[in-house]
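Comments concern the structure below.
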Amino acid sequence: MSAEEFKIFVQNLKDKMYRVAFRVVNNHEEARDVVQDALVKIWNKRALLEGVENKDAYCITITRNMGIDKLRSRKMQTSDISERYDLESKAANPERIAVAKDEFARIKAFINTMADNHKEVLLLRDVDGYSYKEISGITGYSIEKVKVYLHRARMKIKQHFKTKVS
């Protein structure tokens, strides 16, 4: 892969890598560092990249693993997803914004209580929009496990909020 091809490849993938890194480390600066380190590692292994079937999943997996390493090095801090999502809308009135923030806070709090594998698969699929195959490549779970974890996570959310409304 030439330097120009690599540059084009990275331009198409860097935002996804950042989102994955940020989800893992929950810090903007550290996420940028993780992406930069991952890109250096991928550049150094670019000859191996030619033989990889799903290059995107390969790069995302490297990013995820480097984020986990960084997280472990700072003794596992909890994740707060509120910084990743901007609920405020210019068209929404203050009441709608307050209700949306309240609902989001409840959902976020519940998602943070879920098992890590359920939470990770749910966020990759429903927030980042990855396919089952891509999630399988990123997490190392089989496609069947990804589907099971996603289904269980969605059912837990549905059941939790169904009982809260009743």
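The values are calculated or read from the model by the stated rules, or taken from the named source; none is laboratory data. Quantities reported herein were computed from a predicted structural model and do not represent experimental measurements. No Cβ is skipped: glycine too gets one built from the backbone with ideal geometry, and neighbour counts run over all protein chains shown.
Odds and ends about this structure:
- Among the residues listed as Val10, Val24, the single one being modelled with pLDDT under 90 and under 17 Å from Leu123 (Cα atoms): Val24
- Residues within segment 26-47 that are over 20 Å from Phe6 (Cβ atoms) and either in a helix (DSSP H, G or I) or touching a Gly at 6+ places or on another chain (Cβ under 7 Å) (or both), tallied: 4
- Applying the condition of being in a helix (DSSP H, G or I) and of a type in the set (D, E, K, R) to segment 51-77 and asking which residue is modelled with the highest pLDDT yields Arg64.
- Residues that are closer than 13 Å to Glu144 by Cα and among the polar types (S, T, N, Q), drawn from segment 115-132: Ser131
- Output for segment 122-166, where each listed residue is of a type in the set (A, V, I, L, M, F, W, C), surrounded by 18 or more Cβ atoms within 10 Å (Cβ to Cβ) and farther than 18 Å from Asn26 by Cβ: Ile135, Val146, Leu150, Ala153
- Pairs, first touching a residue at least 12 places away in the same chain (Cβ under 8 Å) and within 20 Å of Ile62 (Cβ to Cβ) in segment 119-136, second of a type in the set (S, T, N, Q) and not in a loop (DSSP other than H, G, I, E, B), C-beta under 9 Å, six or more apart: Glu120/Thr139; Val121/Thr139; Leu124/Thr139
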